[in-house]
1. Which is farthest toward the positive dipole end of chain B among B:319, B:201, B:439, measuring Cα position about the Cα centre, with Cβ charges +1 (Lys, Arg) and -1 (Asp, Glu)?
2. Just report the Cα centroid separation between the range B:238-254 and the range A:112-189, whole Å.
3. Can you tell me the orientation of helix B:146-172 relative to chain B, as the angle in degrees between its alpha-carbon axis and the longest Cα principal axis, to the nearest 10?
4. If every alpha-carbon in chain B counts as one equal scatterer, what log10 I(q)/I(0) does Debye give at q = 0.08 1/Å?
5. Given C-alpha coordinates of the range A:273-411, what is the ratio Rg to Rh with the Kirkwood estimate of Rh?
6. Taking every pair of Cα atoms in the range A:26-110, average 1/r, invert it to obtain the Kirkwood radius, and report Rg/Rh to two decimals.
7. Could you give me the ³J(HN,Hα) list for the range A:113-118, computed from phi with Karplus coefficients 6.51, -1.76, 1.60 and θ = phi - 60°, whole Hz, x at Gly and Pro?
8. Treat every Asp and Glu Cβ in the protein assembly as shown as -1 and every Lys and Arg Cβ as +1, leave all other atoms uncharged, and give the resulting dipole magnitude about the Cα centre to the nearest 20 debye.
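Every number here is computed from the coordinates shown, using simple stated rules; none is lab data. Remember, it's a predicted structure, so these values are computed and weren't measured experimentally. Positions of Cβ are backbone-derived with ideal geometry, glycine not excepted, and every protein chain shown enters the neighbour counts.
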Amino acid sequence: MRVVLVSEGTYPQALGGVSVWCDQLVHGLPEHRWQAVALCVDGREPVRWKLPENLERVVTIPLWSAGRQRLRRPGRATRSLFHAALEDFMVALVAPPDPDPRRGAAQRRRFLLALRGLHEYAAGGGDIGSALRSNAALGRLQDRWDDVATMLGRGHPALAGRPRRLTLADAAQAVAMIGSMLRPLAVPPVRADVVHCAMNGLSTLVAMAAKWTYDTPMLISEHGVYLRERYLEQVGGDLPHAVAVLLLSFQRSLAGAAYQVADALAPHSEYNRRWQLRNGADPDRMWTMYNGIAPELFPSARTEPEEPTIVYVGRIDPLKDLHTLIRAFALVRRRVPDARLRIYGAAIDLPYRDSCTALIERLDLVGAARLEGSAPDAVAAYHSGNVVALTSISEGFPYSVIEAMACGRTMVCTNVGGVSEAVGDTGFVVPPRDPAAVADACTTLLLDPDLRRDLAVRARQRVLDRFTLAQSLEAYGSLYERLAAPALDGRTPAGALR
Amino acid sequence: MTVSEVRPTSMASAARGWATASTIALPIVRPAPVPDRPELGTDPVETLAAEVRAASGDGRFVDGLHLAALLEARGVTDRAARVRYGYRDVFELAESVRVRLDGPAVGPPSRPPRRREWRELFHGGLYLLPSVLFPAVLAAVPRSPLAAVVVAGLLGWVWAGGLTWLAYQHINQGDDAAAGRLLARGAVCGVAVAAALGAAVAVMSGVAAAALLVPAVTAYQLASTVLVFYRAEARLVALMSPAVVAGGGFVLAGWWPPTPVIAAALACTVVTFGVALRRALRAPGDATPGRLRPLMRGRWGTFALVVLSTALLAALVLLPQAPLLAHHFEVLLATLPLVVSMGFVEWRARRFGERARELLHEAWGPGGFRRRLWWRLALDVCACGLVAALAGAVVLAGLREAGRLTPAAQAMAAASVLLAGAVLLVFVLAAHGGYGRLCVALAAALGAQAAAPFLGSVALLLVLLAVALIPSVGRVRQYR
């Protein structure tokens, strides 16, 4: 079977949880022939994974490099179709979400048709980005903006915060970005038996094009919630509010349209289902598929460090909220003066890393709390702590949690994403952004070795029971077979949860 | 209730009709009423709204999902939404909180900050600077160095134009160091090419001085290009001032020997060239080696048009002047208004682009934007012509006073006035990337010189450039 795996900003050009999962999938299902489609910034990103032999091809789709291709003018019929599609597309950018499920579904279907019209325009030789940036399109977008305010009334709560008039500057900025994001619609559709998107959002455009052209089944996995992360990016962001309205409306409409058209949806935690159902996903086509690890690669620790140590393993990133962990550690030190905090991970956001260093200095934790850089050996990193902490504000179903659990370490985690589903009753799950709660949990564990060991044993067993790689691969293999068959039979794939 | 079920007000109907001139079906509905606030002893939702307002900066959220994402990131779960706030889930709670945020009043649209810079206004003086030295050169060289002056003028102009365009490709990628290195290497290569051409001209014309004159003039042009690129005009003036004083002294005194003046000019040019190279090589950052080729992939055609359009403009301006150098000095003086007004033209060209970007932040649609830009462009063309006309009036008055005012000088002054406006349009069209259209207009005007007087060809150029600008002046994406 030929499977195309589509991802944005991850495999094979970046490290991180989703890339690990992609690599596991391709390695773990050698009976399939794979092709990876990577949505990237400019196509100059190096490949950072050793590619398996059954990965036959990697196609990159640069989203943000300057486009220079010369396109032909589409025929009149295609242009006519495009103008109709553009109208619906513009409406989706300005319309607030409809709270009524039936009408919300109609909104999403209309947007899906608009995307198909844009794809056919591109397939006919048109340049979507250029058409969106034209004066005519900008004027239409301004008109639709005014229409919404006229229909709902300027004081309507759904329009709170919106400027009265959409300026050309804001409209042009938004459509320039959206035009780049739509580039996957303009590349030749991929040929495969199944197109598997590693996330929602722009990746699904590749699958949609294949579905419209070759009727290829489409599967979406969601580790985190793509739309939720786009929303979080725009909390207190620099973009003008009108631009944020247009961009987030595009992302919301796209995610909803993808749920409509997907043949199967695989949230990687029960938590994700809430957002997916809220945005129109069909529960009859959803199966929860947890991430899995190979337990033999994460052996249980036989000893504990000499000093009471809290460990973090992951990216140095604002979403991980390491400030909360460092502040919590300062509180831990009041009751466990010889405690240590070791933070392992690569920093992509260097200013954030510097802010962590500055916070450590300001809280007088230099020496006790250390940024160790990337961990060459993750197992050794987990083993170097008595407790493993994760204080993220947003997560999907993080590998670091089940890896640490498999290593026989007790977790202190924030209650985000699927973390509580992973940890269950084998660790402490506390509210995010609450240093005192994190500190209480860590202190309790550091001061109670019996509790710590008991939870650690149960944590490893929980991983063996529920979150192994073999279970995960079996579930996906089964789902591929059923998607490639003429119709889904409605039964839950082996290893998946309804 | 769908929109088609909503009975629109007459204003709404009018707005829709005006907006689309056809039927549209907005799938927009009045969202369901926000759930009533639960009856709790205190009002934790108000407290939560206050926390959100403090955490989010401006308190503005695109929709309820936007706020729900923030609430979850702050630890609010479905359970907390039920137990603590009395709502079904985080999504419902977020809708309620968002209504209470009563986001801040929307202020006027933000505008890009205006650069209050006037330095371009002095560029005219910089371009005039070498002409102070020409009398000394003419006195020192036994035979007319016409060919050398034309070759140096054309080469320096075209080389500087192409070099700065390439350097800006690096700047646009944020690679200042690569831009500096390119400018330095390009300037050295330019002088080397000029030396070779100067030697060739010396051999062919029999004017030995050409071997020195061509590279020296080119070196000054490229040094001034580099220093202007880095906004170091004051340094350029300071470095060249001894030569200017010597050249001015030669003209005013009338009896100074020309050789020391030329020696001073050469020395100043060498020092200025060295300073310019040093400035370019000190650009911050580490240049990424081998970046130009991938950067220019697919752009060499544009680069060729940039070079061609620069060459055509240089030819259009310089070729009619060259024959005047030896025998019609009064007509040559009548070109000074164009040189003097070039700084003003550059300033207006920059301001035109800035004004266009400011207009994008105002409440205009594309039609209003286009009309205002054309109006602004017409005013700027007139202003450039007016400045050149004022300078021309001074020159013509001087010639009249000296008894050397001729019809040819008057025609040249008039052409300079039109050319000032035309050059503004050249800058604007180049800023739009319309190099192909620019080449066509310039080539047509240059061809017209064969059949029509210079004034006529410049008038034609003005009209052709205005026509060439029609597709792009009102196009919003040209100004982003």
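1. Toward the positive end, the furthest listed residue is B:201.
2. First find each Cα centre; the distance between them is then 61 Å.
3. 20 degrees
4. -0.65
5. The Rg/Rh ratio comes out at 1.04.
6. A ratio of 1.14.
7. Rounded to whole hertz, the list is 5, 4, 4, 5, x, 5.
8. 2720 debye
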